[in-house]
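As structure tokens, the structure follows; a few thoughts come after it.
The values are calculated or read from the model by the stated rules, or taken from the named source; none is laboratory data. Note that this is a predicted model, so its numbers are computed, not measured. Ligands, DNA and RNA are stripped out before the accessible areas are found, and what is left, the full protein with its side chains, is counted by its heavy atoms. Shrake-Rupley method; radii C 1.70, N 1.55, O 1.52, S 1.80 Å.
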Amino acid sequence: QAQVVESGGGLVQPGGSLSLSCAASGIIFSIYAMGWYRQAPGKQREFVASIRSNGNTNYADSVKGRFTIFRDNAKNTVYLQMNSLKPEDTAVYYCNARYGPGDYWGQGTQVTVSS
């Protein structure tokens, strides 16, 4: 059974850093495109970053230069390093694994940026 599980959320002060992890199981991880999305209260879920099987990355304009997505295929894990965090980054962050008809979402991890 395929699943992805996020971890690493928490409370951080503005300007701080946080690293999220997403561990996948039940899939051939290396061929999947992996992505991070977020949903703030009262808003729609939005794209944050993605990394393809070939390592190509893509970022939302709002996080470019501050967030970095990378993957470790040996550990079936994708990471999101978040630096220079802002209050507007507060949201539930979701991991997504996608390949062909396969489209898997985690339960999400809360990130709160507040002083």
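Here are a few things to note about the model shown:
- Straight Cα distances below 14 angstrom link residue 43 to the aspartates and glutamates 88, 89, with same-chain residues fewer than 8 positions distant left out.
- Amide H to amide H, with H built 1.01 Å from N, residue 63 comes under 5 Å of no residue 5 or more places away or on another chain.
- Accessible area of the chain divided out per residue, in Å², using a probe of 1.4 angstrom: 53
- Stokes-Einstein D for the stretch 56-107, Kirkwood Rh over Cα pairs, 20 °C, 1.002 mPa s (µm²/s): 167
- Alpha-carbon Debye profile of the stretch 1-86, log10 I(q)/I(0) at 0.11, 0.13, 0.18, 0.23 Å⁻¹: -0.30, -0.43, -0.81, -1.22
- Aspartates and glutamates with Cα under 13 Å of residue 86, excluding same-chain neighbours fewer than 8 positions away: none
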